[in-house]
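A short worksheet on the structure shown next.
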Amino acid sequence: MQKRLLFAICPGLLVLSLGAQNSCSISKINSSAQVQAVPMSHVALENKYDVKFNHLNINVERINKDISGSVRTIAKVVAPTLDVYALELYSTMIIDSARINGSLLMPVRAGDAVTYTLPVTLNQNDMIDATIYYHGTPPSGSDAGMSNGTSGSWGNQVTWTLSEPYAAFEWWPCKQQLQDKADSSYVYITTDSTNKVGSNGVLKNVVTVGNKKRYEWENNRFIDYYLISVAVAKYVDYSIYAHPAGMTDSILIQNYVYDNPATLPAFQTIIDQTAELIEYFSDIYGMYPFYDQKYGHCMAPFSGGMEHQTMTSLGFFDFGLIAHELGHQWWGDNVTCRTWNDIFVNEGFASYSEQLALEQFDAANAPANMLQVHNNVMSQPGGSVYNPDTTSINRIFSSRLSYDKGCAIIHTLRFVINDDNLFFTVLKNYQTQFGNGTASINDFKTVAETTTGLDLTQFFNQWIFGEGYPTFTVRWNQVGNTFYLKNTETVSMSGVTPLFITPLEYKLTRSIGDTVVKFDQTQAIENYTFSVGGTVTNVTTDPNNWVLNKGTVTQDASLVGLSENELFAASVHLFPNPAKEKVMISMPVQKTIHYALFDVTTKMIKSGSISSVENVISIQELSQGMYFITLSSTDNEQIKTLKFVKE
Ligand SMILES: [Zn+2]
């Protein structure tokens, strides 16, 4: 989902969204139920089968959210045996009857957990064919899976669903486990004939049933439980087409816009941009995953959007919002986060899709978007892209961390890879390898490493799993053609992530034209000396906002080379690396130095002093992994950070 927005109409056509709160995030936080409602023992029962097909066949009206009907689930037993069929349905929803493999069975209900004891024990690979007939009114409130409301702007009343992350069971009986995508799904909705119904896949039929109509939506692609949706209202159907390169057919873009004479004219120009966005994303991410079905939008009166598979629900149309939710069709729908810890897989990439869309179609406003993203991330010192807490819906959909920091770090990865062809190949490979399924953050790391040949362990540890950001205190001086630049790095969360190693650009503003130089920041204090023509009047650190950072830049006439400690540090070495039992630290002269050894979580393992030219530190007791040794002088000035790997 996606941002609370300030609107700025750009001369081109495009509308840029800027704002600290992501509206995809708002809509999910507002519209999702409490965390996983059933106990782990029930989840274990659900995981004894693999869902193949869900067929929702229910009555839904726009004027209230009373629903009735049936859900048929076909599943395959994956455990050695299965004698209890387990699913979830909100406790106040009434089950009228259930037919499972031909037998009418009575449920046992405990809260939101529903179980049926089967008359015959099933074996691995046996099929389950279960139809649950039910009715009721799904729970209300800001966290409801199904909502009914009226648009304040347009006056249209709508019944719509938003199940992410844990609210599907409020309106249909289901198995809510991310890793089990159904292979296909049908959503048949019977409703008043004045309504239209939007859902996933292809609208196969609209059948007259008495004085009502049944909308029959059929999806033959893998789909996660939270992406199955309905929206019911008086809509007009505004259909357009995209024509991605390399495809002879076109892709249908079906928009269900409020049936209000003023609504479509207000949004038509922005809706039309969806076509070029599909074409562009198909170029950089790989073909739109659901090209043989459609893409679409259904309006519903909530703030932001929700990336229901092939049919996004949204409150309004805006360029950034359309780009975000469309990006989710690749990032979230085709490749789905394996756990809610991995929400970066969905939201980081959907947010970066907004940035890429701006770069492509509204380049003048792209830098401002990334700057705003950076500022939001750094409005607080800590927090990781990786989500450590799946019990907090606010944390899962943290606009600052899952969305903006995720977006910023993908941008940094692109900078580190330093080759857009290769960067987009990483994204395409990730889609190819994990499409139709789920993937973790570490799966993304593996694909990125395999594709680029880079070791990205440090990158992911500091930016994705670590916390905070670096502050660069830069001093510079020019003497003739010799340029001195010193960058002293401190960090916002030294107890978690003590050092960020990163390439970094510096823009030198000169009378003869600006130039950009690039160096690797590999330790807390870096000194660079290089030749430069002309007269430098100013230095800007990271002028293109590739790297999350704060900092200051000062011209300093006293900076004409290295200090005594810096000269000393330049000649300090650690070897061997990797090491098994001990590491040696060599120093140019005898000098008393304090050392401290940390693991990657920055837990200090040991500390002490060394003073010889050659010093042995035992690492026998350490487990395998990466470690840091910091060296500081007797007057506590940090001299150098050494890194090594224990084998
Ligand atoms: Zn989103």
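The values are calculated or read from the model by the stated rules, or taken from the named source; none is laboratory data. Since the model is a prediction, treat every value here as computed from it, not as a measurement. In this analysis, Cβ positions are derived from the backbone assuming ideal geometry, glycine residues included, and neighbour counts consider all displayed protein chains. Remember, those area values only see protein heavy atoms, side chains included, never the ligands or the DNA or RNA. Shrake-Rupley method; radii C 1.70, N 1.55, O 1.52, S 1.80 Å.
Cα convex hull, the stretch 470-561: 84 Å³ per residue, rounded to a whole number. Taken over the C-alpha atoms, the stretch 571-646 has Rg and Dmax values of 11.6, 33 angstrom.
Could you tell me what fraction of 2.2 N^0.38 Å the Cα radius of gyration of the stretch 220-328 comes to, as a two-decimal ratio?
Details: Rg = 13.3 Å, N = 109, 2.2 N^0.38 = 13.1 Å.
My calculation over the Cα atoms of the stretch 220-328 gives 1.01.
Residue order by solvent-accessible surface for LEU371, LEU314 is LEU371, LEU314, largest first, with ligands and nucleic acids left out and a 1.4 Å probe. The orientation-averaged shadow of the Cα convex hull for the stretch 279-341, equal to a quarter of the hull surface, comes to 4.8 nm². Per residue, the accessible area of the stretch 185-277 comes to 39 Å² when a 1.4 Å probe rolls over the protein heavy atoms. Extension gain, GLN360 to LEU178: 0.36 nm times the residue separation minus the Cα-Cα distance gives 62.2 nm.
Enter the per residue convex hull volume of the stretch 316-451, computed from alpha-carbon coordinates, in Å³ rounded to the nearest integer. The partial results should precede the final answer.
Values: hull volume 15.6 nm³, N = 136.
About 115 Å³ per residue, rounded to a whole number.
Here is the P(r) of the chain: all C-alpha pair distances, binned every 20 Å from 0, give 18, 44, 27, 10, 1 in whole percents.
Adding -39500 (n - 2.57) for every DSSP H run of four residues or longer, then dividing by how many residues the chain holds, sets the calculated 222 nm ellipticity at -6500 deg cm²/dmol. Residue ranking by accessible heavy-atom surface, 1.4 Å probe, largest first, among GLU614, GLU347 comes out as GLU614, GLU347. Once C-alpha pairs closer than 8 Å and six or more residues apart are averaged by separation and normalised to the residue number of the chain, the relative contact order reads 10 percent.
Of the trypsin sites (Lys or Arg not before Pro) in the stretch 556-647, the ones in a loop by DSSP (not H, G, I, E or B) with at most 15 other beta carbons within 10 Å are LYS580, LYS603. The packing ranking, built from the mean of other Cβ atoms within 10 Å per residue, places the peptides 128-140, 182-194 in the order 182-194, 128-140, highest first. Using a simple spin-label model with pseudo-atoms 7 Å out from Cα toward Cβ, ASP129 and ILE94 lie 2.9 nm apart. Across the stretch 613-647, the residues whose backbone nitrogen lies under 11 Å from the label position 7 Å along the beta-carbon direction of LYS580 are 647.
Apolar share of the accessible surface for the stretch 571-646: 49 percent from carbon plus sulfur atoms, 1.4 Å probe. A P(r) calculated from all alpha carbon pairs of the stretch 60-196, with 5 Å bins opening at zero, reads 2, 9, 17, 21, 19, 14, 8, 5, 3, 1, 1, 0 percent. Taking a straight line from the alpha carbon of LYS580, these aspartates and glutamates sit under 14 Å away, with near neighbours fewer than eight places off in the same chain left out: GLU621, GLU647. Using a Cα-Cα cut-off of under 14 Å, which aspartates and glutamates could be cross-linked to LYS405, ignoring same-chain neighbours fewer than 8 residues away? Within the straight-line limit of under 14 Å, LYS405 reaches these aspartates and glutamates: ASP342, GLU347, GLU354, GLU467. Compared with the dominant principal axis of the Cα atoms in the chain, helix 366-377 is inclined by about 90°. With r as the distance between the Cβ atoms of THR450 and ASN636 and R0 = 45 Å, compute the FRET efficiency 1/(1 + (r/R0)^6) and round to 0.05. Calculated transfer efficiency: 0.55. Computed from Cα positions, the angle between helix 441-452 and the longest principal axis of the chain comes to roughly 60 degrees.
Residues of the stretch 462-578: accessible area per residue at 1.4 Å, in Å²? Don't skip to the end; give the middle numbers.
Numbers: 5060 Å² over 117 residues.
Here the per-residue accessible area is 43 Å².
Shape summary: the stretch 517-647 maps onto an equivalent ellipsoid whose semi-axes, from the alpha-carbon gyration tensor, are 32, 19, 13 Å in decreasing order. When all protein chains stay in place and ligands, DNA and RNA are ignored, the 1.4 Å accessible-area order of ARG414, ARG99, largest first, is ARG99, ARG414. Helix 420-434 against the longest principal axis of the chain: what's the angle in degrees, Cα atoms only, rounded to the nearest 10? The helix 420-434 is inclined about 40 degrees to the chain.
Quick one: Kirkwood hydrodynamic radius for the stretch 234-276, alpha-carbon pairs, angstrom, one decimal? Result for the stretch 234-276 stands at 11.2 Å. Under 5 Å between amide hydrogens, built in the peptide plane, is the criterion, and for THR471 it picks out THR490, VAL491, SER492, LYS550 among residues at least 5 positions away or on other chains. Here's the list of aspartates and glutamates a cross-link from LYS76 could span, going by alpha-carbon distance under 15 Å and ignoring same-chain residues fewer than 8 apart: GLU46, ASP50, ASP126, ASP129, ASP180, ASP183.
Taking all protein chains as shown and a probe of 1.4 angstrom, PHE222 keeps an accessible surface of around 80 Å². When the C-alpha to C-alpha distance is required to be over 20 Å, the pairs from LYS212/LYS234; LYS65/LYS181; LYS507/LYS640; LYS486/LYS518; LYS52/LYS294 that qualify are LYS65/LYS181; LYS507/LYS640; LYS52/LYS294.
A crude spin-label estimate for the pair LYS606 and ALA110, with each label 7 Å from Cα along the Cβ direction, gives 5.1 nm.
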